[in-house]
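Beneath this line is the structure, given in C-alpha cells, with notes to follow.
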Amino acid sequence: MSNFTRNDDSTTPSAQFYETPVHDSAVIPLAQLVDSFQDKNQQTLSNFYKGSPPKWVDYFTAEENNTPLVKRDVYDDLIQQIKKCQKMNCAVSSINFSHHPGSGGSTLAMQVLWDLRSDFKCAIIKHGTAEATVIAGQSVQLFEEGDSLDKRTLLLLNDNVSEEDLMESLNQEIAKKEFSPTVPIAILLNAKRQTTNRAKDFLNLKNEMSFTELHNFELQEAEMKLKHSDEEMKQFHGFNLMKNNFSEEYVASLSSIQKVKEYVRGHKTACSTELFSVLALLNSYVPGSFLPISRCLDILAPEHSVSEQDTLTTPLDLPDLKLQVEKDMEPFMDLIVIFSRDEVKSECVRLAHPMIANECLKALAKADITKGEIAKRFLESCKPKEPPYMVKIIKSLLIKREIVDEFQKGFSRLILDLQDEHDTTMCKQLFEIATNTFEQDAFFPQAFARFLYLVFRDYDGAEHQAVVAIDRDPENSFLRDTLGQIHKHHLKDKLKDQKVRASEIFEVADLAIRAFGDAEKAAENEQDPNSSTAQPKKISQAFNCRGLFGYIQVAKMVFETLTALDQKWNYILTGEKSIEVLGLAEAQNLLQYQDLIVNLRKNVEKKHAFFETYLTYSKPSRYKSEPPYFQADVESCYNMYLLRHSKPGVSTRSVMDRSFAGLFSCIRLCASSFIERLTEHTKKIFEGDQSNVDAAVNYIFSNIILSNTDDTSRVLQTLKDLRAILWRFVDEKNIHQSPEFFLLVLLLFWPDENQDQPLHYELDLSNVAENMKAAFDQKYLKHFRSRYLRPLFFLGQGTGLKRLVHSWKIFHAHKKDRTVHVQKKQTWDTLDWGSGNMWRDHSVQSLLLRVSGVFKKQQLFAYVGDKEIPVYTDQSFVSCQGSASFFLGFTIKGPVAYDITFQESSACLQETDAEGWTSSTCNSCSSIKDLTDCSVILPETVASSVNENMKYRVKAAPGIYECGITGIRWESSCDVELEYCWSNWDLVGEFLKTEQYCPCGPLLNINVISGRLKAVHLPHFLCLGSGQSLDDEVRVCHVTGDRICLERCTLTRFHATLLIPTLCLMGLVKRLLRRKIHCKILIYHVLNAAQTFRIYLIPDDKKSKEAVEKEERGKCVKISKPNPESSMEMKKSYKLKTLEETKKMDCDSEIMPTSLKLRYPVRTPNFFEVYISNPTQNFYLQMMDEDNAVVWEVKIRKDDFNQVPRSEGVQEHSSEEYGVWFVSKYRTDLIERVSYVNPIADDLKDSLGDIKYKKITNKSITSDDQMRELYNCLSAEPDLKKRFYESLQKREPFLVNSLQKQNGS
C-alpha cells in the first residue's frame, strides 16, 4: 500500500463540494443551505444515482439542469397532507411518513421540502443529541425571525426525534411565548425508516414500485443515457435497483457482486476485505450508516492511520485520502460510494444500497466470514472516545430493538439473527467488548445484563452488569429497574421448583423489592425537562413507574406461590396473623424478612392507590395505552392482599371502600345494583362525619356515578341536594383542596342554560378552574407529566344529574354502532378522544351539549352566562377570534374542549375565506392595518328580497362585529338588531355615471331594527398600497329615500369607516381613475366534461364570489389555489396560458376567450374556459397582463381535480341529478345541522300539502325530528328532492358549501 501525505497548509482543498457548514443550531433553515451553494460550480448527479445519500445540492443541480428527479407516488400524498395541515387551525401538526431502508424515503422527503421552500420556511432537524425542548425553542425562534410580513409556516423535516415529545414541547413553547400567529407555526414531517410495514401509517413508502413509477424510471433512464455511457449506467446502483423494482434476483446477478465473491475467496484476510465486510455489516443492519475515511484508513493500514481529530487540528489533503481509499478498495469500488456529511468533518464511505449489503453478507458467509466475527473485529477496533455518531451506529447495531405491530422485539436485529444461527456465545462476546470499550456508557452493560438473564439465565452475571450500568449513571431510574427485573425473573425461575422454601423465596424477593424501591426513588428525583430547575443529568420526559409496577408483580408472585404452598400464608400476608402460625422453626428462618412480610400489604395498598389514579386519569399518549396486563396485575395483587379475606373487625379494607378514581371505574366494572349499595355505603360514612370533606366528595361522586347507570334509583339524591352538601365546603380563597374536589364543584355548579342559577350559589368558575389546575400541579403534575389526560365527564343535554355524562357512556354509544373490526376491538382504555370520527356519531351527539364560546388568540373561553371561562384544548391553534362551539369535557386538570367548530368565516380574523387563503396576501398594502379586534358572527337568513338577494338578520350585544357572509362590520355600545342584504348597483347607475364615480365594493341595504350604531365599516377591494392618498377619490354612496349623496369616510385596508351613520342603502365608490384592486381567481373543474376547466377573475368581493359559486354549484368541482399576491388593475385585460409541468412549453390546450377585462360590477361574472387535451398530467396555469408580465401562477396537480369519487357517479349527472344525489348522500348531516326547517317547509308547502306541512312544522318536536318528517315526505319524490336542494341553497348556503367541501364536490 502506498503512503499518503499530509498537507500542512491551513486550508483544506476539497475535491467534493461540502454544502453544509458547521452549525451549532439543532434546527437548520433550508434557505441557509441553499445560499451556501448557489454560487458553486456545476455539480453532477452521478454519485447520487450510484447510491450516495441525497444532498441539497443534488436538487439544486437537478433544477438547474432541468433534469427533475423521479418522484415516488407518495409524493403527491405528502404534498396534499401538508397543504391540508396548512389550512387547519392547529398551530402545530405532524405527518408521519415511514419508508423502507433504500426505498428513496429520505430523497422523497427532501424533495418535498425543496419544492415547497417558497411556500414554507423549510428546515431540517440536525442529527444529534439536542433535547426536544431545545429544538422547539429554536423552531419557534425561526418562525419569528425575519421580516414581520414573512410569517410563513415552518415545515420541519424530522427523522431522529420523538414526534410526541417534540409536539408537546412545541405546544408548550408556543403557550410560553403568548404570541398570536395568524398561520400555523409548524408542520412536522416525521420521516421514519422502518424495516417492517406498519398498517397505521397511511404514508408508507415500500421497496415495491407501482406501474406508473416503473414507467417514469424508464423515461428517466432514456434521458440519462443521453448523458452517461453504458459503463456509467451500470454503476448507478441506487437508480437501477428502483428501476428493477428492488429485485433480489437482480442484486444477486450483478457482475460487481460476482467479482466480490471471487476476490474474497482468494483474499479472506486482506485489509480491504475486512473493511468491506464491516461496511456490509453496518449497511445491512444499520441502513444509512457509514464510516469516515479516517476510520477506513485505520482498517486498511493501521500503521498509517489518521484519526478524525487529526483532520481537525492538522488539515489533510482530502483528495489524497479519498484516492488512497479508492486505490486500496479497488476490487469493491463498484459497490462503494464516498460522500460528505455534516456531522463528520471528512468524507464518508458506505455501500450503495442496503440490499447490496445483504447480498454481500451472504457472499462473505460462503467464504466463512460470518457476521458475528465481522462485528467482533469491528468492535475490537473501536476506541473509548468514539465520536457521537459512531456510538449511535454501534448502539443501533447492538442495542436498538425494533417495534413490530406495536410490540418491541427482545433484542437488536443483529443479536436476534445471531441467536437464530445458534451463536449466542458470540452475542455475549459482542456485549462484553462494547461494555469494556465504552467505559462511561451505561446502556451497553444494561443491554448485556438483559441478554444474560433472558437468554442464559445467568442472574449473577446479569446482576454484575446491571450494577456496572448503575455505577456509570446512578441517577437513571431505568437502569435500576433493569436490576429489579433481573431479580424478578430469578424469583420466577425459583418459583418453578415445587420444593422451594419460603426463606429462599423471600431472599430473592427482597433483592427485587429493594432494586425496584431504588428505581422508584430515582424516578421521583428525575425532573421534567420543561422544568426551569431541571438538571441535565436528572431529566426524564415521562415519569418512570416501572419500579412501582415491579413491586406489584413481585408481591403478586409471592402471594400466589406461598398461599399455594400453605393456606396459612393467606392470613399472614393480609395482616390477619403473624408468621408464628407457621411454627417456631419456620418463623425463626423468616425472622430477617419479617419487616418485608409485614409491609407487603401496606405497600401494595399504597402502590395500588398510585396506579388507580395514574391509569384512570391518564394514559401514555393520545394514541397509546398501557398493555392490558398492567391494570390486571395491579387489581389482582390488590384483591389478594386487601380484599380476598375481608372479615368484620379485621383491618383489611372492604370491597365497598373506594377512592375517587375507584368510584369512577365502577361504571365500567360493576353492576348498577352494586353501585347503589356503594352509594348507600358512602352516605353512611358521610353521615357519620359530615365535616369530612373527603367523605362528602365520595358520597356526592357516588351519586353522579349511580345516575349514569340507573337514573331512577331510589337512593339517588337530587342535584339541588348535592349542591347544598358541597357548598358547605366551597371557599374560593382556600385552594388547599384536591383536584377531585374542584372537579365536583365544576360539575355541580356549571350553570344549566335552561335554568337560572340560584343567587346564593354565585361562584366564580374561573377561580375554581384556576384552583383546580394549581391543585393538579401540586398533586399529579410530577407523575402525569407528558401523559394524555382522559376526559372523565362531559356536559350533556339532560337536566339535573343527567347532564353529567360519564365518558364510559360516550365510548359505549360510540362503539355500539361500529362495524369495522378494528374499532370493535377498541376499549375505553385505548380510545382516541381526539378522533373526529367519534364526535360525528349521532348516538354521541344526542348525549352531549354543544357549548358556545369564543377564541381569543391562543385561549378558548366557554360562555357561562355573561362570563367567559377559560378552557383547555388538545392542541394549540392559529390565532382566531370570534365564535366557536364545542363539547365540554372535564379532565382531572380542568375543563377541556373537544370537537371544536369555528363559526363559518371566523377561522381566521384577518379576512380568511372558506378556502383558507386570506385577502391580505397582497404584498403592496401589507403594511396598512385594518380593524382586527372584532368578533365574526353568522346572521339568521330571513328571506329573499325583491332583487333576489338574501336578506339577513342579526342580534348582537355591545361590541365590534363582522358579518361572516357579507363582510360588513359595525360597532355599538348597546344591544342592536340589524337587517341587511346586498343590493344591485343598477339602482344608482345613472347617478354614478353623471358624477363620474364607479363602485369599489358591494352595495348594501342596511336597516337598524333596534338600538344604535356608533360606526359602520363597509367592505371594499381597493388596494391602498400605491403610496398616494385616496381620501379625495373615494366616497360612500348613500341613498335615503329619493336622495343620493356622496359622503367622506375613513379608509382602512379592507373597509371604509362611517361614524354615527344614517343607515339604508350604501356602498363605496371612487373616481373614474384606473386603480389597482384586490382580486380572486376561482378555478372550477366541470363535472360532466373531464377535460374542461373554468377560471374566473373577479374583484375580492363576497357578492361576486357568491354569484360564481351559485352559477357553478352542482356543475363543477372547485379547486382551491392561492390568489394573486399583488393587486391588479381595473378595466385592464388579462390573458391566460397553460404550461407543462417542466414549464418548457405550453400544454396542448384551448382557451376561450383569449383575454378577459377585469370589470365591476357585472351581473354574471365571465370566465376563461380551458380545454386540456391530457388532464391526467400536472400542469401550470399562468395569468399575464397586457405587457405579458406574469401576475399569477399556480400548479394544478392531477389529484386536484379528482376530488369527487367516481363511485358516486356525480360527474355523469346533470345539475338536477346532482341535487337528488346531494340530498340522499348527506341525509344524516342535514338532519342534524339544518336550522331553518320551517322556511324550507314554506318553500315546499305547495308540493307537500297541508297535512305533511303541519307534521313538519310541529313546534312540539325537535328540529332533528322535523327534518326526519321532511325526509319521510321526500322518500319517493325525486322532483321534491330537487326543490329541497334548491331551498337548501337559498336557506342554508354555508351548510351546503361546507358539505360540498367535505367531499370535494
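The values are calculated or read from the model by the stated rules, or taken from the named source; none is laboratory data. All of these numbers come straight from a predicted model, not from anything done at the bench. Please note: Cβ atoms are built from the backbone with ideal geometry, for glycine as well, and neighbour counts cover all protein chains shown. With ligands, DNA and RNA removed, areas are computed over all heavy atoms of the protein, side chains included. Shrake-Rupley method; radii C 1.70, N 1.55, O 1.52, S 1.80 Å.
No other residue among 1048, 1053 is at pLDDT 80 or above and over 23 Å from residue 1102 (Cα atoms) apart from 1048.
Inside the stretch 131-169, residues that are modelled with pLDDT of 85 or more and part of a helix (DSSP H, G or I) make up a count of 10. Just to be sure before I move on: is residue 199 modelled with pLDDT under 80, over 30 Å from residue 50 (Cβ atoms) and of a type in the set (Gly, Ala, Ser) in the structure I sent? Answer is yes for this residue.
Scanning the stretch 848-863 for residues that are of a type outside the set (Gly, Ala, Ser), in a strand (DSSP E or B) and surrounded by fewer than 20 Cβ atoms within 10 Å (Cβ to Cβ) gives 850, 854, 856, 857, 859, 861, 863.
Checked against the criterion of being surrounded by fewer than 21 Cβ atoms within 10 Å (Cβ to Cβ), over 38 Å from the mean Cα position of the chain (by Cα) and touching a residue at least 12 places away in the same chain (Cβ under 8 Å), the candidates 437, 425 yield just one match: 437. When the residues of the stretch 508-520 are filtered to those that are open to solvent by 60 Å² or more (accessible area, probe 1.4 Å) and touching a residue at least 12 places away in the same chain (Cβ under 8 Å), the one that is farthest from residue 787 (Cα to Cα) is 511. Going by what's in this entry, would residue 1011 be described as of a type in the set (Gly, Ala, Ser) and touching a residue at least 40 places away in the same chain (Cβ under 8 Å)? Against the criterion (of a type in the set (Gly, Ala, Ser) and touching a residue at least 40 places away in the same chain (Cβ under 8 Å)), residue 1011 does not qualify. I'd like to check something: does the stretch 304-312 contain any residue that is at pLDDT 85 or above, part of a helix (DSSP H, G or I) and open to solvent by 30 Å² or more (accessible area, probe 1.4 Å)? No, the stretch 304-312 contains no residue that is at pLDDT 85 or above, part of a helix (DSSP H, G or I) and open to solvent by 30 Å² or more (accessible area, probe 1.4 Å).
Selection of first residues in the stretch 255-266 that are open to solvent by 70 Å² or more (accessible area, probe 1.4 Å) and of second residues that are of a type in the set (Phe, Trp, Tyr), restricted to Cβ pairs under 9 Å at least 6 apart or on distinct chains, gives the following pairs, ordered by first then second residue: 259/332. Against the numbered list (1) modelled with pLDDT of 90 or more; (2) open to solvent by less than 10 Å² (accessible area, probe 1.4 Å), residue 380 comes up short only at (2).
Taking the stretch 1029-1041 only, how many residues are within 15 Å of residue 1073 (Cβ to Cβ) and open to solvent by 30 Å² or more (accessible area, probe 1.4 Å)?
Matching residues across the stretch 1029-1041 total 4.
Exactly one residue among 973, 983 is over 19 Å from residue 953 (Cβ atoms) and either in contact (Cβ under 8 Å) with a residue 60 or more places away in the chain or hydroxyl-bearing (Ser, Thr, Tyr) (or both), and that residue is 973.
Going by the conditions given, is residue 746 aliphatic (A, V, I, L, M), modelled with pLDDT of 90 or more and closer than 17 Å to residue 891 by Cα? Yes; evaluated as a whole, the condition is true for this residue. Filter the stretch 389-408 down to the residues that are in a helix (DSSP H, G or I) and among the basic types (Lys, Arg) and list them by number. 392, 395 - these are the residues of the stretch 389-408 that are in a helix (DSSP H, G or I) and among the basic types (Lys, Arg). Every condition in (1) modelled with pLDDT under 85; (2) surrounded by fewer than 20 Cβ atoms within 10 Å (Cβ to Cβ) is met by residue 229 except one, and the failing one is (1).
Considering the stretch 401-420, the residues that are under 26 Å from residue 359 (Cβ atoms), of a type outside the set (Phe, Trp, Tyr) and in contact (Cβ under 8 Å) with a residue 40 or more places away in the chain include one that is most open to solvent (accessible area, probe 1.4 Å), namely 413.
Residue 652 falls short on exactly one of the conditions (1) at pLDDT below 90; (2) not in a loop (DSSP other than H, G, I, E, B); (3) not hydrophobic (A, V, I, L, M, F, W, C), and that condition is (2).
Among the residues making up the stretch 713-734, those that are modelled with pLDDT of 90 or more, open to solvent by 40 Å² or more (accessible area, probe 1.4 Å) and assigned to a loop (DSSP other than H, G, I, E, B) are 714, 717, 718. All of (1) closer than 24 Å to residue 490 by Cα; (2) among the charged types (D, E, K, R); (3) in a loop (DSSP other than H, G, I, E, B) hold for residue 386 with one exception: (1). Only strands (runs of 3 or more DSSP E) whose full extent lies in the stretch 935-1032 are considered here, and the ones with at least 2 residues that are under 45 Å from the mean Cα position of the chain (by Cα), of a type in the set (A, V, I, L, M) and under 23 Å from residue 1296 (Cβ atoms) are 935-937, 940-944, 950-956.
Filter the stretch 319-349 for residues that are open to solvent by 20 Å² or more (accessible area, probe 1.4 Å) and modelled with pLDDT under 75; which is nearest to residue 272 (Cα to Cα)? My answer is 319.
Residues that are of a type outside the set (A, V, I, L, M, F, W, C) and either in contact (Cβ under 8 Å) with a residue 24 or more places away in the chain or open to solvent by less than 30 Å² (accessible area, probe 1.4 Å) (or both) within the stretch 1014-1028 comprise 1014, 1017, 1019, 1020, 1025, 1026, listed in sequence order.
Residue count for the stretch 575-611 satisfying the condition of being in a loop (DSSP other than H, G, I, E, B) and of a type in the set (D, E, K, R): 2.
Counting only strands (runs of 3 or more DSSP E) that sit completely within the stretch 1042-1136, those holding 1 or more residues that are open to solvent by 50 Å² or more (accessible area, probe 1.4 Å) and without any contact (Cβ under 8 Å) to a residue 40 or more places away in the chain correspond to 1043-1047. Summed over the stretch 571-598, residues that are in contact with a Leu (Cβ under 7 Å, 6 or more places away or on another chain) and open to solvent by 70 Å² or more (accessible area, probe 1.4 Å) total 0. I'd like to know if the stretch 686-707 contains one or more residues that are open to solvent by 10 Å² or more (accessible area, probe 1.4 Å), in contact (Cβ under 8 Å) with a residue 12 or more places away in the chain, out of contact with any Gly (no Cβ under 8 Å at 6 or more places or on another chain) and in a loop (DSSP other than H, G, I, E, B). For the stretch 686-707, residues open to solvent by 10 Å² or more (accessible area, probe 1.4 Å), in contact (Cβ under 8 Å) with a residue 12 or more places away in the chain, out of contact with any Gly (no Cβ under 8 Å at 6 or more places or on another chain) and in a loop (DSSP other than H, G, I, E, B): absent.
Checked across the stretch 612-622, the condition of being without any contact (Cβ under 8 Å) to a residue 60 or more places away in the chain, in a loop (DSSP other than H, G, I, E, B) and of a type in the set (Ser, Thr, Tyr) holds for no residue. Of all residues in the stretch 66-89, at least one satisfies being touching a Cys at 6+ places or on another chain (Cβ under 9 Å) and part of a loop (DSSP other than H, G, I, E, B).
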